[in-house]
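Asks: Would you mind keeping the following structure in view while I ask a few things?
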Amino acid sequence: MNAISSSPPSSRASILGVPAAEAYEPASLDACAELFARAAERKLRLGIIGGGSALGVGNPPTGLDAVVFTRKLERVVEYAPEDQVIVVEAGLTLGRLQALARQNGQWLGVDAPHASSATLGGLVAVGGFGPRRARYGAIRDLLLGVTLVRTDGAVARGGGKVVKNVAGFDLPKVVAGSLGSLGLIAEVTLRLHPLPELSATFRTAGLDASGVVQAMLALRRAQLEPSSVVALRGANARFELGVRLEGFRQGVERDAPRLLELPELRGDSPPERLADEAAASFWQRSDTPRTNCSLRVRVNALPTQLPEVERWIEPLLAALEGGRFIWYATLGIGFVAGDPGAPHQVVAALNSARSAAAWAGGALLVDAAPSAVRAEFDAWGAPPNAFAVMRELKQRFDPEGRLNPGRFVGGL
Amino acid sequence: MAASAASRSTAPLSRELVARFQDIVGAENCIFEADQLVAYECDALPHLRCRPGLVVLPKSRDEVVQVVKLAYSAGLPIVPRGSGTGLSGGALPVEGCLLLGLSRMRRIIDIDLDNQRMRVEPGVVNLDISKRLAPDGYYYAPDPSSAQICSIGGNVAENSGGAHCLKYGFTTHHVLGAELVLADGSVVTLGGAVLDAPGYDLRGALVGSEGTLGVVTQVTLRICRFPETTRTLLATFPSTTEAGNAVSLIIASGILPAAIEMMDKMAIDAVRSVMGGAWPEVGAVLLMDVDGTLGEVEHTAERASELCLQAGAIELRRPTDAAERDAMWRGRKSAFTAMGRLSPNYIVQDGVIPRSQIARVLREISRLAEHWGVRVANVFHAGDGNLHPLVLYDASVPEEAERAERCSGEIVRLCVSSGGSITGEHGVGLDKAAYMGEMFSETDLETMNWLRCSFDPETRFNPGKVFPTPRLCGDRAGHYVPHPTEVSGQIGRG
């Protein structure tokens, strides 16, 4: 069974402060299946950890008997570069996959933060994405197939290994974003894309929230097709906007002047094309609200709702130490991060932001929070409209409620 | 397969029950006379037929809810139907069912161009959406060949594709949310205009579920801005081998064309017999769109042309105007119907293979055709390896239909054994249900069934489809502890 620890549990064999007495590191699909079958006999409550970079997502489990680490599941099962499809075990990190794909002039269009530690299985479990979602979609959109070890230890496959496939129910879609609550994601099949020949980043600053929206709309009107459009809110309540054009050199070079001439992209000064180093630094800065700070939440809304979103989260930003906000402008997804000084004040601000978002049809979700905040603030908010169906789904996949119990939406 | 569904007779529904459906939707929207029901016996897969008990055509979500509730209490199975253009028997009635036709629900509810969202009722015709959006410079990306008549509700059920899905994705990538009426008449909202609704991606489960989960009464779509420019290229080749190599070279060069379609000699001959002499007499044709910004496209169109020549293209044709481009695409999209000129009957397959294996698989297919003594034409989405072999036969020739069926089945198995799929865009329906076991294990199918049963525990919707053998849901194991918000009455089904 590859137990790596028994009591006392190491601090790493815990999820959101909930410790598990046992920890396992299965190194193959068969070992996962055997582990889950034995866990079923013993009725163990299981938590699953990939790279550990998104462990703050969701609510603390109601209790865990064992933690399963997927990091030894790191084989590339199949890679056919000519088909731009790769099958990997769940514990392979995003960074290693990208390095391998790069050798063949390809990449996975998912530029989620923490590439060196985040695993593909973990990214699927949380529905991961980065700024390039604007072009490639999130990982769920690139997930062609999945191998799931069920709670009873049986191995189920869904989807396929080709980019186009409608045979049977779309198990991969349901598994994506399910936070380890339906089974162990053991293998994933992903669609890759060709690496662009050239990537160019353009930066402008001094936009207000509606200016960011206008810039996003102007890019679209001009039929430029940026792969990322991200706005970073500065201390002066003004936004810096980064726009990335990627593709063949000739195309990017010919599109660049059109972008630079758009009046809507003119903030304090005309937009500028960043040198490679400055561009890398911009995108790194844009990732920090997704990686640093003890409190991180995301706000989902419509792309044009940025001015409203800003109003919703202003009290929260004020209540946080070092509060920051970034906005994926074409997607309508924002990330707020900071360190809560006075947790009660922060919780009040979170509650008011969440109700405003929910009222407008959006949501506010917790990516990370200190326990003082968690104690008073649910990671997901009120159960969604179709919760009754979700509950049925969980019940059928995990009838004893042993997988990540209580961590997912509505206590599932 | 055909025999199992065909020629079943069913006892007519009681007059009282029919009257209650008439009360809901109006007498003119209830069809129950045997001669009128004939029109609803099949979808676009005409060799499978079954007479429904009753056809009901509701006009609104509320009418759907009432109809579903009544059908539920009467114990009638429900088969939803859009425009009936499906090619796998997804909208084929089951014996004595209530066939729920959604073609009267064709309102465009609202359009939000700035957020690239649009809400429509399920009966809205696919192409009408793009027509409506075109003056503003937007369109709806998935473009099945039946776009002129197929409905969005049907597209959701089948996760429809189309020629341009290689770059832009399938229906599942363009449906953000849906309103769904469940078997007991409750209404749930899945996903929505805002991305990443919390909880399981039930929207993702719905798209492609072939009418087995409920009745879709509203869909939220993602709409796209026109690319700055599109270039179309038609390249002719001595055979499908050179054309297949051209596809491989283009994809390997990093170009992601909006579409690359291939037709073999027989398919071209069929199209020429309908469209006329502009279609060349060659062994294979590639029809390709590259789109994007002008700067990008000038490069990719040029490069793709070079690669076609490098792979052995005989001739490259570039349309000089929109009319010529439309004619090229009309030729491709009319290929299925044009087959009628070559053969009185045909079976369409929809298998997918890894695109690097196109040349090998096409050779295998022609070997199979020879073995079974039938002709097979190929017209397909080469960029994503989605084949559409058309197995031609004459039903009036003794045993020819059977040989065509056997050949067709072996082609499906060939796709699966090549690492592909039994269906890329037409769906499983009833037509391919028997092949599901070739691709999925018993455990895989059982797990899929859990998904289905979470929505429809009594399998009231479209029973007998998708799975190779009928499946019930059974009782759930374990016991459920309700969430506090449910106990307090804050939440519930719907």
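Asks: Only one of these is touching a Leu at 6+ places or on another chain (Cβ under 6 Å) and on the phi < 0 side of the Ramachandran plot: A:R290, A:R311, A:R324, A:R298. Name it.
Replies: The conditions single out A:R298.
Asks: Does any residue of segment B:47-57 turn out to be within 20 Å of B:E210 (Cα to Cα) and either within 14 Å of chain A (Cβ to nearest Cβ) or of a type in the set (K, R) (or both)?
Replies: Looking for residues that are within 20 Å of B:E210 (Cα to Cα) and either within 14 Å of chain A (Cβ to nearest Cβ) or of a type in the set (K, R) (or both), one finds at least one in segment B:47-57, hence yes.
Asks: Then there's this: Go through the residues of segment B:247-265 one by one and say whether even a single one is out of contact with any Leu (no Cβ under 8 Å at 6 or more places or on another chain) and more than 10 Å from every other protein chain (Cβ to nearest Cβ).
Replies: yes
Asks: So if I check each of B:G86, B:G96, which one is more than 30 Å from A:P303 (Cβ to Cβ), over 22 Å from the mean Cα position of the chain (by Cα) and part of a loop (DSSP other than H, G, I, E, B)?
Replies: Result of the check over B:G86, B:G96: B:G96.
Asks: Hey, another quick one. Give the residue that is surrounded by the most Cβ atoms within 10 Å (Cβ to Cβ), with candidates limited to residues of segment A:29-46 that are touching a Lys or Arg at 6+ places or on another chain (Cβ under 8 Å) and not hydrophobic (A, V, I, L, M, F, W, C).
Replies: Among them, the one singled out is A:R45.
Asks: Let me spell it out: the conditions are (1) within 11 Å of chain A (Cβ to nearest Cβ); (2) free of Cβ contacts under 8 Å to residues at least 40 places away in the same chain; (3) of a type outside the set (S, T, N, Q), and B:R272 meets all of them except one. Which number is the exception?
Replies: It is condition (1) that B:R272 fails.
Asks: Have a look at B:A401, B:A395 and point out the one that is surrounded by fewer than 24 Cβ atoms within 10 Å (Cβ to Cβ), out of contact with any helix residue (DSSP H, G or I) (no Cβ under 6 Å at 6 or more places or on another chain) and either among the basic types (K, R) or at negative phi (or both).
Replies: When all the criteria are applied, what remains is B:A401.
Asks: Among the residues of segment B:275-297, what is the count of those that are in contact with a Leu (Cβ under 6 Å, 6 or more places away or on another chain) and either free of Cβ contacts under 8 Å to residues at least 40 places away in the same chain or surrounded by fewer than 24 Cβ atoms within 10 Å (Cβ to Cβ) (or both)?
Replies: Total satisfying the criteria: 1.
Asks: Let me ask something else about it. Could you count how many residues in segment A:345-393 are touching a residue at least 40 places away in the same chain (Cβ under 8 Å) and away from chain B (no Cβ under 14 Å)?
Replies: The total comes to 10.
Asks: Report, by residue number, each residue of segment B:33-43 that is surrounded by 19 or more Cβ atoms within 10 Å (Cβ to Cβ) and either touching a Cys at 6+ places or on another chain (Cβ under 9 Å) or within 22 Å of B:L70 (Cα to Cα) (or both).
Replies: B:L37, B:Y40, B:C42
Asks: Here is a further query. Which one of these is surrounded by 24 or more Cβ atoms within 10 Å (Cβ to Cβ), of a type in the set (V, I, T) and either assigned to a loop (DSSP other than H, G, I, E, B) or more than 18 Å from the chain's Cα centre (by Cα) (or both): A:V77, A:V87, A:V67?
Replies: A:V67
Asks: A follow-up question, please. Under the condition of being within 12 Å of chain A (Cβ to nearest Cβ) and among the β-branched types (V, I, T), which residue from segment B:403-447 is nearest to B:S356 (Cα to Cα)?
Replies: Per the stated criteria, the residue is B:V416.
Asks: When you check A:E246 against the structure, is it among the charged types (D, E, K, R), part of a loop (DSSP other than H, G, I, E, B) and not assigned by TED's automatic domain parsing to the domain that holds A:V124, yes or no?
Replies: So A:E246 fails the test.
Asks: Still on this structure, please answer the following. If B:R231 meets every condition in (1) within 8 Å of chain A (Cβ to nearest Cβ); (2) closer than 21 Å to A:F248 by Cβ; (3) not in a loop (DSSP other than H, G, I, E, B) apart from one, which number is that one?
Replies: Single failed check for B:R231: (1).
Asks: Could we say that A:R75 is closer than 26 Å to A:W283 by Cβ, of a type in the set (K, R) and modelled with pLDDT of 95 or more here?
Replies: The answer is no for A:R75.
Asks: Is there any pair with a first residue in segment B:395-413 that is closer than 17 Å to B:A377 by Cβ and outside the structural domain of B:V361 (by TED's automatic domain parsing) and a second that is loosely packed, with under 12 Cβ neighbours inside 10 Å and modelled with pLDDT under 95 whose Cβ atoms are under 7 Å apart and which are 6 or more apart or on different chains, and what are they?
Replies: Sorted first by the residue in segment B:395-413, then by its partner, the list stays empty.
Asks: What residue, among those in segment B:185-218 that are in contact with a helix residue (DSSP H, G or I) (Cβ under 6 Å, 6 or more places away or on another chain) and more than 10 Å from chain A (Cβ to nearest Cβ), is farthest from B:S160 (Cα to Cα)?
Replies: The residue in question is B:G185.
Asks: Among the strands (runs of 3 or more DSSP E) lying completely within segment B:170-227, list those that include at least 2 residues that are free of Cβ contacts under 8 Å to residues at least 60 places away in the same chain.
Replies: B:175-181, B:187-191
Residue-by-condition table, conditions (1) part of a loop (DSSP other than H, G, I, E, B); (2) in the same structural domain as B:Y40 (by TED's automatic domain parsing); (3) basic (K, R):
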residue	(1), (2), (3)
B:R106	yes, yes, yes
B:D128	no, yes, no
B:P135	no, yes, no
B:I149	yes, yes, no
B:G153	no, yes, no
B:G161	yes, yes, no
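Asks: Exactly one of (1) assigned to a helix (DSSP H, G or I); (2) out of contact with any Leu (no Cβ under 6 Å at 6 or more places or on another chain) is unmet by A:A353. Its number?
Replies: For A:A353, the exception is condition (2).
Asks: From the list B:P46, B:P122, B:P80, which one is within 21 Å of B:P457 (Cα to Cα) and of a type outside the set (A, V, I, L, M)?
Replies: B:P80
The values are calculated or read from the model by the stated rules, or taken from the named source; none is laboratory data. Given the structure is predicted, the values throughout are model-derived calculations rather than measurements. In this analysis, Cβ positions are derived from the backbone assuming ideal geometry, glycine residues included, and neighbour counts consider all displayed protein chains.
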